[in-house]
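The values are calculated or read from the model by the stated rules, or taken from the named source; none is laboratory data. Quick caveat: nothing in here was measured; it's all calculated off a predicted structure. In this analysis, Cβ positions are derived from the backbone assuming ideal geometry, glycine residues included, and neighbour counts consider all displayed protein chains.
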Amino acid sequence: MAHFEKAKSLNEWLDQRIGINTLKKVMQSEYWIPKNINFLWAMGMVLAATFGILLVSGIFLLMYYNPSTDLAFDSVNYTIMTEVGYGWLWRHIHGVGASLVFLIIYIHMFTGIYYGSYKKGRELIWISGMLLFVLFSAEAFSGYMLPWGQMSYWAGMVITNLFSGGSLHADGLVEWIRGDYVPAQAFLSRFFMLHVLLMPLAIIGAIVFHFGTLRLPHVNNQDGKEIDFEESARLWKEGTTESRRKSEVIPFSPVFLSKDVFVMGVYFILFFYLVFYHFEFAMDPVNFDPANGLKTPTHIYPEWYFLWSYEILRPFPTDPGLVAFAIAQVIFFTLPFLDMSPNVAPANKRGAFHIWFWLMLIDMLVLTFMGKLPPEGIWSTIGLVAAITFFVLWISLPIITKLEKKL
């Protein structure tokens, strides 16, 4: 009883100073979620939990990592993996988490596209989400440099060369980014700072912003149905079985949060299965060779989550390829404005858009598979067709959605 009184007094003390009870209402008990949603709506919380795992594992790795071109490779592959107790576990967790976080992002992203969660007042939700995608991409790329293996070095060389702008010959910009003519100590130090400090802070800020945009307007639902949140919330608060049955919403905490926790439980079973038994999928074997600026790998490629955009770059000559690559990085931001349909509904109710959705998903999968293969023979042709198809789909989007009938 004494502990309860102390907790109550602490709560009152905090409420007087930072309005903690109001904060709980706004973010938890009176943050209303539609009933008619499925497990895919839990991907946001799964993503946040995975980011938390990455932060914790990254801190443990940081204790033994040495950001020096002479010692970085050994500090990762020998010190952490063999000499530090359970260092291998933290590295596996970090590597698997870095891959799975993008799988969750892509599922979350295509769920939003399928259910039209970027439309009718929800544009900022989508834009803030795409900003998170860009920040996670920058975080992943900077982290890929740190083991200082062969693929780290040469992927860094290729990606930073993109900033030369082709015929613009902006070589000075590339040297400024690297801090040298080639990736060396200044390059590694800068990407180390980005990975452990700047990008995590930016991601945390973007997550807060993204969650804020979700607060108003309310979360979309799997039918795209307009819900009277005030009336439904009133019915829920009445507390009777009948009124709650009629209500179309549930409180975020504890009701919806308990569903999130269940989905996260299932997800982490898969996560740790991969950590202990199939961690190799997240670690490129070429990167277990020390960086060597005098020995170019036979085939240079980024991690799987960048392959689709990398493949858009490869089939074209230098200047058109750079333009295509740049457009591919920003085109998803424009989705709320290119979709001209008045309907907020799942793709299966939207005719031509349904076909567009599946063609886009399949095309990005094809681009991803082609990006891992050498650009030669039939693979080069398929990659070119898939890259052209990507842009044709985006050009056609305003047309097919403009012609869409109002449901």
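Listing for the model above:
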| quantity | calculated |
| --- | --- |
| Single match in Leu23, Leu40 (criterion: under 29 Å from the mean Cα position of the chain (by Cα) and not assigned by TED's automatic domain parsing to the domain that holds Val261) | Leu23 |
| Qualifying positions in the stretch 295-351 - of a type in the set (Asp, Glu) and surrounded by fewer than 18 Cβ atoms within 10 Å (Cβ to Cβ) | Asp319 |
| Unmet criterion (only one of (1) over 22 Å from the mean Cα position of the chain (by Cα); (2) closer than 25 Å to Leu40 by Cα; (3) surrounded by fewer than 17 Cβ atoms within 10 Å (Cβ to Cβ); (4) of a type outside the set (Val, Ile, Thr)) for Leu361 | (1) |
| Boolean, Phe211 is at pLDDT 85 or above, buried (at least 18 other Cβ atoms within 10 Å of the Cβ) and aromatic (Phe, Trp, Tyr) | no |
| Qualifying residue in the stretch 68-76 (condition: in the same structural domain as Ser152 (by TED's automatic domain parsing), over 19 Å from Ser189 (Cα atoms), touching a residue at least 40 places away in the same chain (Cβ under 8 Å) and of a type in the set (Ser, Thr, Tyr)) | no |
| Pair list, Cβ < 7 Å and 6+ apart or interchain, from the stretch 144-163 residues that are touching a residue at least 60 places away in the same chain (Cβ under 8 Å) to residues that are crowded, with 18+ Cβ neighbours inside 10 Å and acidic (Asp, Glu) | Tyr144/Glu303; Met151/Asp284 |
| Unmet criterion (only one of (1) in the same structural domain as Ser117 (by TED's automatic domain parsing); (2) buried (at least 17 other Cβ atoms within 10 Å of the Cβ); (3) modelled with pLDDT of 90 or more; (4) not hydrophobic (A, V, I, L, M, F, W, C)) for Asp284 | (3) |
| Residue that is crowded, with 17+ Cβ neighbours inside 10 Å and either touching a residue at least 40 places away in the same chain (Cβ under 8 Å) or not aliphatic (A, V, I, L, M) (or both), where the choices are Gln222, Gln185 | Gln222 |
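Yes or no, residue by residue, for (1) without any contact (Cβ under 8 Å) to a residue 12 or more places away in the chain; (2) in a helix (DSSP H, G or I):
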site	(1), (2)
His218	no, no
Ala233	no, yes
Glu242	yes, yes
Ser258	yes, yes
Val266	yes, yes
Ile269	yes, yes
Tyr273	yes, yes
Phe281	no, yes
